[in-house]
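First the structure, in the form of C-alpha cells, and then the observations on it.
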Amino acid sequence: MIHKTFRFENMIMKKYTNIYDIENIKDTVDTAIQLKQNPFEFHELGLHKTLVMIFFNSSLRTRLSTEKAARNLGMQVMVLNVNDAWNLEFEDGTVMNMNTTEHIKEAAQVISQYADVIAVRAFPGLIDKEKDASEFVLNSFMKYASIPVVNMESATAHPLQALTDAITIEELKTRSKPKVVLSWAPHPKALPQAVANSFIKMMQVIDVDFSITHPKGYELDPNIVKETPVNYNQKEALKEADFVYVKNWSSYNDYGKILSEDSNWMMTEDKIGDAKFMHCLPVRRNVVVEDAVLDSDQSVVIQQANNRTFAAQIVLKKILENL
Ligand code: SN0
C-alpha cells in the first residue's frame, strides 16, 4: 500500500489575497516586528527574483512600501500603471472590437514569465455590487498567472493594510486585550468598503475587544461583520477605547451611495478621549478627522504607514521561502 506523504499545504503561502492566507497571525505579527529591527536580515532571499506591481488605481504608501519591502529582501521590482498599458479585457468570449485591446489571459501569462510574484491593486467600480463582489480583476490574475499573487487592495479587501494595523496595535497596546473601535467618518467621495472589511476580519482573529460604529444605512456585508457588535451611537461606542480606527466607506446595501456627509461623525479631540487615532491614509483633513487629532501625539498614522513595509516584507518573505 502506498502512503502519500502528508504535507501541511496551508503552511505554504502561495498567495496573499485575504488575511486568511496567513496561517498564524500572531506569529506573523511578531515576526514582522522582529523584521523591523533588522530589515536587511534576509537581503539575499529575493536574489534574482522579480516582483511586478500592477496598479489600476492611485497609490502612495502601497507602491513605495511594497517596493521597499521587496528591495529589503533583495528582489528586483517593476511597476506597471495599467493606464500606460493596453486596455485589458476580463470577460470570456467577448468580441473585442470595442476599446479593450488585450485579454487578461495573455497578459497574466506574459507577466508570469517576467516576474516571480505579481502584486495587483484594483479598486471596485462601486456600481455593480455583484461584479465587485466577484473580484474579477484579482481572480483573473489568480486564474491565469502561474505565479503567486499579492493583493494591494482589491474590490473588497485590503489585507496588507489589515496586517499593518495588527502590527501597529501589537506595538502600541498598553493592555493585553485593548478596546478597538472602527468608526465611520464622512467623506465627499464614494469610497470602497475594502479597508473596513479587512480590518474587521483582522480584529476578529486577534486578541482585542472590537466593535464598530456607523450611522444607520452604512451596515457592511453581514458575512464579514458576523457577531461583531455594531453601535449606532458613536459617543457611546468610543467610551474607553484604546484605539479608534477611523474610515469612510460608501453604503453597502444602497451600493456605492453616499447617504450622509454628517460632519457630526468626524473624529474630534473631544470624542477621541485618550485613544490612539488610526487611519490607513490618505485622509481628508477636517472632513474625516480634525487637525487637532491628526496633529496630536495620539495620532499613530505615520507609524502605521511605516509598518506597511514590514507587513509587505513578511508576506513576500513567506512567499519567497516557498517559491
Ligand atoms: C482608498 C480607499 O479604499 O478608501 C484607498 C485607501 C488605502 N481611498 C481613497 O480612494 C481616498 C480617495 C479620496 O479622494 O480621498
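Annotations
- Among N97, N24, N81: highest mean-square fluctuation, GNM of the chain, C-alpha pairs under 10 Å: N97
- Estimated FRET transfer efficiency (T94, D262; beta-carbon r; R0 25 Å; 0.05): 0.05
- Principal-axis analysis of the Cα atoms of the chain puts helix 194-205 at an angle of about 80° to the longest axis.
- Distance-filtered residues of region 59-89 - backbone nitrogen under 17 Å, label point 7 angstrom along N38 Cα→Cβ: 72-74
- Gyration tensor (alpha-carbon) shape descriptor, region 236-323, a/c threshold 1.5: oblate
- Mean separation of Cα contacts under 8 Å (6+ apart) over length of the chain, as relative contact order %: 20
- In this label model, D84 and S146 are separated by 2.7 nm, measuring between points 7 Å along each Cα→Cβ vector.
- Radius 14 Å from Cβ of K239, net charge of other residues (Lys, Arg +1; Asp, Glu -1): -3
- Dimensions of the chain based on its C-alpha atoms, expressed as ranges along the principal axes with the largest first, amount to 58, 49, 47 Å.
- The gain in end-to-end length when the T50 to Y20 segment is fully stretched comes to 8.3 nm, 0.36 nm per residue minus the alpha carbon separation.
- Annotation: H43 carries an accessible surface of approximately 100 Å², with a 1.4 Å probe and no ligand, DNA or RNA atoms counted.
- Highest average packing first - 130-136, 243-249, Cβ atoms within 10 Å: 243-249, 130-136
- Label-point separation in nm, Y232 to D274, each point 7 Å along Cα→Cβ: 3.2
- Mean accessible surface per residue for region 73-130, computed with a 1.4 Å probe while every protein chain stays in place, in Å²: 61
- Taking the C-alpha atoms only, the angle from helix 104-114 to the longest principal axis of the chain is near 80 degrees.
- Label sites at E102 and R284, each approximated as a point 7 angstrom past Cα along Cα to Cβ, lie 3.5 nm apart.
- GluC sites (Glu not before Pro) within region 167-248, DSSP loop, no more than 16 other Cβ atoms inside 10 Å: E219, E227, E240
- Highest to lowest packing among 201-209, 179-187, scored as the average C-beta count within 10 Å: 179-187, 201-209
- Among S176, S299, S260, residue whose mean-square fluctuation peaks in a GNM of the chain (springs only between Cα atoms under 10 Å): S176
- In the structure shown, the pairs K143/K257; K49/K317; K189/K239; K143/K226 are assessed against 20 Å; a Cα-Cα span above that value is assigned to K143/K257; K189/K239; K143/K226.
- Rounded percent of accessible protein surface that carbon and sulfur make up, the chain, 1.4 Å probe: 49
- Note on S58 and N139: with the Förster distance fixed at 25 Å, the Cβ-Cβ geometry gives a FRET efficiency of about 0.70.
- Percent of Cα pairs in region 161-303 per distance bin of 10 Å, from zero to the largest separation: 12, 48, 36, 5.
- Taking each DSSP H run with n ≥ 4 as -39500 (n - 2.57) and averaging over every residue of the chain yields -10000 deg cm²/dmol at 222 nm.
The values are calculated or read from the model by the stated rules, or taken from the named source; none is laboratory data. Predicted model only: the values in this text are computed from it and were never measured. Quick reminder, even Gly has a Cβ in these numbers, built from the backbone with ideal geometry, and neighbours come from all protein chains shown. Please note that ligands, DNA and RNA were not included when accessible areas were found on the heavy atoms of the full protein model with its side chains. Shrake-Rupley method; radii C 1.70, N 1.55, O 1.52, S 1.80 Å.
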